[in-house]
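Presented below is the structure to which this report refers.
Every number here is computed from the coordinates shown, using simple stated rules; none is lab data. None of these values were measured; they are calculated from a predicted model. Using ideal geometry, Cβ is built from the backbone for each residue, glycine included, and neighbour counts are taken over all protein chains shown.
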Amino acid sequence: MLVVLFNGMSVGASLNYSLAHALHLTPPSTHFMTASLLTTFRAFAGSFGSAIGGGLFVRILKARLEAGFEANGGMKGREELVRKLLGSPMMVQSLKGVEKRVAVTGYEETLTKLFIAAGGLALVMVFVQAATGWKAGVDGEDEIGGGEGLGVEDEEWEEGMEGGV
């Protein structure tokens, strides 16, 4: 229970940090766009993460089950069993003997590899985020170019956007 709590707190903290870091790096006039884009990418992350993680899980599990059955009497007549185990973890409960041991071991090894891959990816992304920079974004004439600044129309539009119009 404590591990789940710690994981939840860590994920929450990293998500909040990514928002604070992104807002720190962007000029204040673009914060509304930055927050929207970050939220969009967070939403996509769940879908893409599930698809990629699920694909990785099935590939590893299939390889583990086939290797386990080959080492314990061969695959002959067990192709359908592997297919069913890939689609339903509950089927492990109905197995007996060697088949159950191979299936449980396959699932254990697969979950271990999946968590190691996810942890490695998370660590890489921490370094990617750290490499994005630390200098705050600045609004100003130099950023627009030539010292022209924002026109009156642009300022009115921006004020309207900030006011929710």
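Laid out as a table, the results:
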{"item": "Dipole-positive endmost among 77, 92, 103 within the range 44-129 (Cβ charges, Cα centre)", "result": "77"}
{"item": "Total charge dipole magnitude, the range 44-129, about the Cα centre, Cβ charges on Lys, Arg, Asp, Glu only, Debye to nearest 20", "result": "160"}
{"item": "Stretchable slack from residue 83 to residue 43, in nm (0.36 nm times residue separation minus alpha-carbon distance)", "result": "11.3 nm"}
{"item": "For the range 44-129, the spread of Cα positions along each principal axis, largest first, Å", "result": "49, 22, 20"}
{"item": "Loop sites in the range 35-86: trypsin sites (Lys or Arg not before Pro), DSSP, at most 10 other Cβ within 10 Å", "result": "76"}
